[in-house]
Amino acid sequence: MSEPEPSAVHESSGRQELSVSSPTQRLPRELVVDVLEHLRPSGSLTTVESNCHYPEVEESFFTSRSSFASLCLTSKWMHSLALEYLYRTVVLANNLELLHFFRTISNNASLRSMLTSFAWPVVLDIDEVEFDGLDVFVTEVYPDLDPQSWAAIAWHNQEDAQKYKRMGLSSSIKAAYWQVLGGIFSTAPNLKSIFFFHPNHRIGMMPCYPGYEMFMGLLMPPWVPKTALQQLRTIALETWPGLPSHFLTRSLVALLLNSPIHRVEVKFRHSLDEYREALKEWDVSDFSAESVRELFIIDVWSDPAELVHIGTLFPNLTSLELDYASDWIPLNKDAIEGLSEGLLSLSGTLEGLSLTCHSLERPNPENAEPILPDLGNMKALKHLTTTFFWLFGTKEIVKELERLDTLPPTLISLRLLDLNRHDSWEAEPVYDQALTRLEENCTLRLCNLKYVVLVLGTSYFDANAVTLTAKFTKLFALRGVAFRVITTEMSRGETFTSWANIDSVN
């Protein structure tokens, strides 16, 4: 049997074409590129519930990698197209892959500029690896790793050698995994997005903090050169729930001082007060992260009063998303005043505001004042997501519905969540009155409003969704507004779709 003809590249009408099985069957280059685009991973890298004990990583990030790798082997022409996709978004599953990847880009400098998104969704090991002999490491942990391959790394390249030396890397000494990670970051000039778990933690053992602590410290000159990570725009940190937040805070400060980051995402503990303390420790207490436009924190544990400083620390925010852990919210005067002052300090720039909290299915505190301030002065606000409890309180909820009359006229979308049980007021009449008042405002003040979503817990959804949908869908439609009633589970799926979208920056 004769061998099939190899794939070939043709030029026709100014377009490059691929011969698949015969000269008469050709695929336009544009079509192949379109297929490659559809093979790219999409959505969040990890779920909202994921943590370092139980990582939940989206499988498409690994299946797309396998697809691109296979395509690279089909022909030289396909290799030239698919290689960029293979190295554009890199998600490494374990320490062995980290070492292999470092070896690959060390020996192939042309691949480094292709790397734009890098994710480390597993926990760094604190063990050291012997670059020269790899004795115990190879024989007991990863027997497939060839010690000779490390000796073949291009350590002799003067420019690379200087960068590796700053990270404590060479061919003849032991190096920790975080140093290998730093070596990757310091030699990838176009890196725009990074994601990793913080800190290093091995199942069944106490958490070990020094690795990331030292790694983040090395981001500062004179270690990693100031030219490193200058294209970085998005940083996502997913922490161990029991981690003292100052470890994460120091990491974040190091990155913000080094790179013009546009979006910051943090899961689990984070404290603005500890962030300010870290700035003082490093003698940069007046530092303002002017490049940051979007701040997204899941499972906030800190007091809302800390937000009094948000405008000083991040003066140019256009989007602020804070999801507080459970319904633990200090209901004191300082919390309300601090939150109010902080939000108003961003009144000229903030376009998107989401302030929510998880539900423990317990009653809201009685006689609670509204937590959110009057939002009428938020001149740029276009998208608002919050809870009944935050917006109206529980003390005089019917009276506080008047606050809907002061929403800014710039508002385009409003998402109201009602998550908790109510022992002090009946839900159905309040829903009806709130939506009626909101619908009336669509004519009087909220002329730009296009979307209204009411989010209800399961018990209230079952009892009220049909009635509310039937009545208000038509009323809002007459005002040009789309209206929906959805469950809490649906809302969480929609609210957190922007979490860890590491491939979207490409």
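Summary table below
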| read-out | value |
| --- | --- |
| For segment 399-489: span of alpha carbons on each principal axis (Å, largest first) | 33, 25, 21 |
| Under 25 Å from residue 280, Cα to Cα: lysines that are on another chain or at least 8 residues apart | 226, 267 |
| Estimated vicinal HN-Hα couplings, Hz - segment 297-313 in sequence order (Karplus 6.51, -1.76, 1.60; Gly, Pro = x) | 10, 9, 6, 6, 10, 8, 6, x, 4, 4, 5, 4, 9, 4, x, 7, 6 |
| Lysines whose Cα lies under 19 Å from that of residue 379, excluding same-chain neighbours fewer than 8 positions away | 450 |
| Packing rank of 88-96, 483-491, where each peptide gets the mean count of other beta carbons within 10 Å, highest leading | 88-96, 483-491 |
| Sequence-distant residues sharing a close amide H with residue 118 (under 5 Å, placed H) | 90, 193, 194, 195 |
| Value of D in µm² per second that Stokes-Einstein yields for segment 294-353, Kirkwood Rh from Cα pairs, at 10 °C (1.306 mPa s) | 136 |
| Residues residue 107 and residue 291, FRET efficiency given R0 of 25 Å [Cβ-Cβ distance, rounded to 0.05] | 0.15 |
| Convex hull per residue volume in Å³, alpha carbons only, for segment 68-107 | 73 |
| Using a Förster distance of 35 Å, the FRET efficiency for residue 37-residue 489 (Cβ separation, nearest 0.05) | 0.70 |
| Residues of type lysines that residue 333 reaches as a straight line, Cα spacing below 17 Å, ignoring anything fewer than 8 places off in the same chain | 395 |
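Every read-out reported here was derived from the displayed coordinates using simple, explicitly stated rules and does not represent laboratory data. Source: prediction; values computed, not measured. Note: ideal-geometry Cβ built from the backbone for every residue, glycine included; neighbour counts use all protein chains shown.
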